[in-house]
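Everything on this sheet refers to the single structure shown next.
The values are calculated or read from the model by the stated rules, or taken from the named source; none is laboratory data. Just so it is clear, the structure is predicted and the values come from calculations on it, not from any experiment. A quick note on method: Cβ atoms are made from the backbone with ideal geometry, for glycine too, and the neighbour counts reach across all protein chains shown. Surface areas here come from the heavy atoms of the whole protein model, side chains and all, with no ligands, DNA or RNA. Shrake-Rupley method; radii C 1.70, N 1.55, O 1.52, S 1.80 Å.
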Amino acid sequence: QVDFNFWKKVFAKYFYLIIADNPGFGESDPPPRIWSFIDYATFFNTFIKQIGISKPIIMGKSWGGGIALTYAVSFPNDTKALILVNSGTNEDADRFFVKFGITITKFLIKIITSRIVPMNIKKYFISGLLNIPSEKINKNTFSKYLIMEDTIFDFVAEIDHRELKMPLILVWGEHDFWAPVRNAYKLHKDVSNSVLLLFRGKHLMMEKRPQEVIEKIIESLKKFNIVV
């Protein structure tokens with residue numbers, strides 16, 4: 001069980017916290033087409049500039065780590081430091097269990113989104129998958145959100161992490177199945193200006209222990225002479 005309100009309160013003690021929904025998630029409408037990580041990175045670069053933030057610390061978790069990594073490589077002059085938390089890599093897409101899990105999930109989506117399934121069940125499923133308020137989902141908007149299936153499951157990171165120049169902090173749960181710790185070791189090996197922080201736990205390690213994680217992140221930022 002994860003208390004995301006507690007997680008947000010912990011982060012807000014140390015950072016000026018802005019919580020923005022990715023297009024297609026939460027309160028945000030889906031993009032008009034299938035977006036890549038570069039599309040999302042460009043969107044957030046524009047968003048950050050519009051709200052007047054200069055050279056932020058970029059942090060991404062899991063699927064969002066792909067967006068964060070793409071952002072840092074694509075906009076190095078607009079990135080003070082990069083923090084990746086239990087993030088996937090291109091190599092993960094070739095893992096048998098990841099392929100199998102995606103195939104099963106897509107199959108379930110096809111069943112649940114078929115015409116024979118009542119709209120209330122469809123709303124419950126889409127709302128849970130994308131964290132969208134159920135009242136936003138109806139017969140008119142339902143098909144728009146289906147584009148997120150390919151956006152989420154057919155992603156490819158079109159960049160090379162070895163291009164990173166800014167400080168990189170890797171935050172990982174040692175027993176993560178979806179983003180195995182070998183990802184962290186590879187990134188740490190390939191990027192000289194990096195720090196590796198390992199914690200006991202799995203994919204939701206940070207959400208369950210935010211205080212411990214954020215304190216270690218701040219310590220690492222100070223080693224790079226970055227004050228928060």
Problem set entry | Segments 64-71, 109-116, 186-193, 76-83 sorted - mean Cβ within 10 Å per residue, highest first | 64-71, 76-83, 186-193, 109-116
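Leaving out ligands and nucleic acids, note down the accessible area per residue over the chain with a 1.4 angstrom probe, in whole Å².
Per residue, the chain has 56 Å² of solvent-accessible surface.
Based on Cβ point charges of +1 for Lys and Arg and -1 for Asp and Glu, what charge dipole magnitude is obtained for the chain about its Cα centre, in debye rounded to the nearest 20? Intermediate values should be presented prior to the final figure.
Details: 30 positive and 23 negative charges, 73 e Å.
For this selection, approximately 360 debye.
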Problem set entry | Value at 222 nm in deg cm²/dmol, rounded to 500, when DSSP H runs of n ≥ 4 in the chain each add -39,500 (n - 2.57) | -13500 deg cm²/dmol
Seminar exercise, completed: Per the C-alpha gyration tensor (a ≥ b ≥ c, the square roots of its eigenvalues), segment 148-213 is rounded if a/c is under 1.5, else prolate if a/b beats b/c, else oblate; here it's oblate
Problem set entry | Net charge over other residues, Cβ less than 13 angstrom from the Cβ of Pro133 (K, R count +1; D, E count -1) | -2
Seminar exercise, completed: Cross-link reach from Lys49 to lysines, straight Cα distance under 16 Å and at least 8 residues apart if same chain, gives Lys80
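Report the net charge of residues surrounding Lys165, where surrounding means a beta-carbon distance below 15 angstrom and charges are Lys +1, Arg +1, Asp -1, Glu -1.
That works out to -1.
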Exercise. On a 0 to 90 degree scale, rounded to 10, what angle separates helix 63-74 from the longest Cα axis of the chain?
Worked result: 50
For this session: Would you please classify the overall shape of segment 1-53 from the alpha carbon gyration tensor, given that a ≥ b ≥ c denote the square roots of the eigenvalues, rounded means a/c under 1.5, and beyond that prolate means a/b larger than b/c while oblate covers the rest?
Result: oblate
Seminar exercise, completed: As straight-line cross-link partners of Lys144, the qualifying lysines (C-alpha separation under 26 Å, not fewer than 8 residues apart within one chain) are Lys61, Lys99, Lys106, Lys110, Lys122, Lys123, Lys136
For this session: May I ask for the net charge around Ile51, where only other residues with Cβ less than 15 Å from the Cβ of Ile51 are counted and Lys, Arg are +1 while Asp, Glu are -1?
Result: 0
Exercise. Got a number for carbon plus sulfur as a percent of the chain's accessible area, 1.4 Å probe?
Worked result: 56
